[in-house]
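Below: the structure, in structure tokens.
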Amino acid sequence: MTRLLDARTSQNASYGNTISIPLPANTAVAIAELGLEVTGAGENMRVQLTGIAELAFPTTPPFDSVISFSIVRGDVDSLVAYALYSVSVSEVNPNAVQVVTSNASDYNIPLPPSNELVYTLYIFCTADATRIGMESFNAVAYSD
């Protein structure tokens, strides 16, 4: 039978246009981190992760601009999920707001000696942008 081990949320902004944090071009930035307590986990430990962020562009970004969203477990060498988005730009709305999301699963995770799984959500853009909120990162750990 599946057991819930822990659930956590890292919430920077609940609504759009509630923060204004520069995101320099070509710079990966950690926007959320959370730790899950997994003491007593059984077999088949797994974690479901969701994240969302909203960006605005101060000037029209280049046509080939992209945003990446990545989730790592522990250190930066343990990539769990990676999503790449093309920035949507149109003549009607050249400085459009871009919302990026990710849904991911981390499966058959070894039990860490500390009994804590740490996940970090990174965002990266090839054009200068501003993080305007909403920003949220959620994780739920289960085992059998």
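Please work out if Val72 is modelled with pLDDT under 95 and assigned to a strand (DSSP E or B). Criteria not met by Val72. Going through the stretch 1-20 one residue at a time, which ones are modelled with pLDDT of 95 or more, in a loop (DSSP other than H, G, I, E, B) and exposed (fewer than 12 other Cβ atoms within 10 Å of the Cβ)? Listed by number, the list holds a single entry, Ser20.
For the stretch 31-51, the set of residues classified as β-branched (Val, Ile, Thr) and surrounded by fewer than 19 Cβ atoms within 10 Å (Cβ to Cβ) consists of Thr39, Thr50, listed by residue number. Within the stretch 72-87, the set of residues being under 30 Å from Asp144 (Cβ atoms) and surrounded by 11 or more Cβ atoms within 10 Å (Cβ to Cβ) comprises Val72, Arg73, Gly74, Val76, Ser78, Leu79, Val80, Ala81, Tyr82, Ala83. Restricting attention to the stretch 11-37, the residues that are in contact with a Gly (Cβ under 9 Å, 6 or more places away or on another chain) and small (Gly, Ala, Ser) total 5. Pairs are defined by a Cβ separation below 6 Å, a sequence spacing of at least 6 or placement on different chains, a first member in the stretch 101-122 that is in contact (Cβ under 8 Å) with a residue 60 or more places away in the chain and over 11 Å from Thr50 (Cα atoms), and a second member that is surrounded by 13 or more Cβ atoms within 10 Å (Cβ to Cβ) and among the polar types (S, T, N, Q); the pairs so defined are Tyr122/Ser70. Of all residues in the stretch 21-48, those that are more than 20 Å from Tyr82 (Cβ to Cβ) and in a strand (DSSP E or B) have Cβ atoms under 6 Å from Cβ atoms of residues that are open to solvent by 30 Å² or more (accessible area, probe 1.4 Å) and aliphatic (A, V, I, L, M), 6 or more apart or on another chain, in Gly35/Val118. Looking across the stretch 57-71, the residues that are buried (at least 17 other Cβ atoms within 10 Å of the Cβ) and more than 30 Å from Asp144 (Cβ to Cβ) come down to Phe57, Pro61, Ser65, Ile67. Condition first: closer than 19 Å to Ala25 by Cβ, not charged (D, E, K, R) and not in a strand (DSSP E or B). Can you find one or more residues in the stretch 109-125 that meet it? Checked against the condition, which is being closer than 19 Å to Ala25 by Cβ, not charged (D, E, K, R) and not in a strand (DSSP E or B), the stretch 109-125 yields no hits at all.
Residues in the stretch 90-108 that are on the phi < 0 side of the Ramachandran plot and part of a loop (DSSP other than H, G, I, E, B): Ser90, Glu91, Val92, Asn93, Pro94, Asn95, Ala96, Val97. Consider only pairs whose beta carbons are under 6 Å apart and that are at least six residues apart or on different chains; among these, list those whose first residue lies in the stretch 74-87 and is over 12 Å from Thr120 (Cα atoms) and free of Cβ contacts under 8 Å to residues at least 40 places away in the same chain and whose second residue is hydrophobic (A, V, I, L, M, F, W, C) and exposed (fewer than 15 other Cβ atoms within 10 Å of the Cβ). Going by the 6 Å Cβ cut-off, the qualifying pairs are Leu84/Val66; Ser86/Val66. Of the residues making up the stretch 88-144, those that are among the acidic types (Asp, Glu), over 29 Å from Asp64 (Cα atoms) and open to solvent by 30 Å² or more (accessible area, probe 1.4 Å) are Glu116, Asp144.
The values are calculated or read from the model by the stated rules, or taken from the named source; none is laboratory data. Here the structure is a predicted model, which is why all the values come from computation and not from measurement. As a convention, Cβ positions derive from the backbone with ideal geometry for all residues, glycine included, and neighbour counts pool all protein chains shown. The protein model used for the area step is the full one, side chains on, heavy atoms only, and it has no ligands, DNA or RNA in it. Shrake-Rupley method; radii C 1.70, N 1.55, O 1.52, S 1.80 Å.
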